[in-house]
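Reading through the structure tokens given below for one structure.
The values are calculated or read from the model by the stated rules, or taken from the named source; none is laboratory data. Source: prediction; values computed, not measured. Reconstructed Cβ throughout: ideal geometry from the backbone, glycine too, with neighbour counts over all protein chains shown.
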Amino acid sequence: MNYKVVGLVVFALIGILMATFKTKVPISMDTLKVDESIKLDTISANALSEMIIENNLGYTLIDLRDDASSAKLQVQGSIPMSYKNIVLKENYGNLLADKHIIVIANSHSKMLKATYFFKTKGLSALYVEGGFKAWQTQVLNPKAPNEYATDQEFLRYKYLIGISNYLQGKGQGGGTVKLKRKRRVLKRVNKVEADGGC
């Protein structure tokens, strides 16, 4: 027997065995690269707030902020999850494939990476446009209209305040919203012609 042939066969068998029993290096969220060709879907903070109020059960909300931030101001119905530990099967394995996963965080890049990671695992995932900052400014603290706003803008603001109060545990009705309004008074200017007539 040719020793070179035997050596090649043994070497090939060792290579096959190593490839078969090779331990996979766990993915790190820090090193995960988002494939730009895959479109990641988003949802607005206001649309999410309406889904929460309507008790829409077709989603799972994942809050990636740190424990202190999540405890201080929790998004109603969210599941706090450590950003670095998303890659563990025990964390994402329990998420149902028939529900949308909505990701919210302080960092845009963390939301992108987490959403991408969930999509690579075959889950339907999207993230909140603007993250937690948008949640705070658009939902929890909506901007009051100026004194020259239309009636529609005032009604929209009252609606947003009601949502904000409900989500912060201040009741469903939201109480009354008192705003000072100034109506524009258009002064009628009559042009008087040069000859003194009307």
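Values for this structure:
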{"item": "Selected residue (criterion: nearest to residue 109 (Cα to Cα)) from residues of the stretch 25-69 that are surrounded by 12 or more Cβ atoms within 10 Å (Cβ to Cβ), out of contact with any strand residue (DSSP E or B) (no Cβ under 9 Å at 6 or more places or on another chain) and β-branched (Val, Ile, Thr)", "result": "34"}
{"item": "Unique match (being at pLDDT below 90, out of contact with any helix residue (DSSP H, G or I) (no Cβ under 9 Å at 6 or more places or on another chain) and not charged (D, E, K, R)) among 190, 141", "result": "190"}
{"item": "Every pair of residues 6+ apart whose Cβ atoms lie under 7 Å, when the first sits in the stretch 73-87 and is outside the structural domain of residue 169 (by TED's automatic domain parsing) while the second is in a loop (DSSP other than H, G, I, E, B) and β-branched (Val, Ile, Thr)", "result": "87/27"}
{"item": "Index of the failed condition, residue 148 passing every other in (1) within 28 Å of the chain's Cα centre (by Cα); (2) modelled with pLDDT of 75 or more", "result": "(1)"}
{"item": "Any hit, the stretch 126-134, residues being among the charged types (D, E, K, R), under 12 Å from residue 40 (Cβ atoms) and within 11 Å of the chain's Cα centre (by Cα)", "result": "yes"}
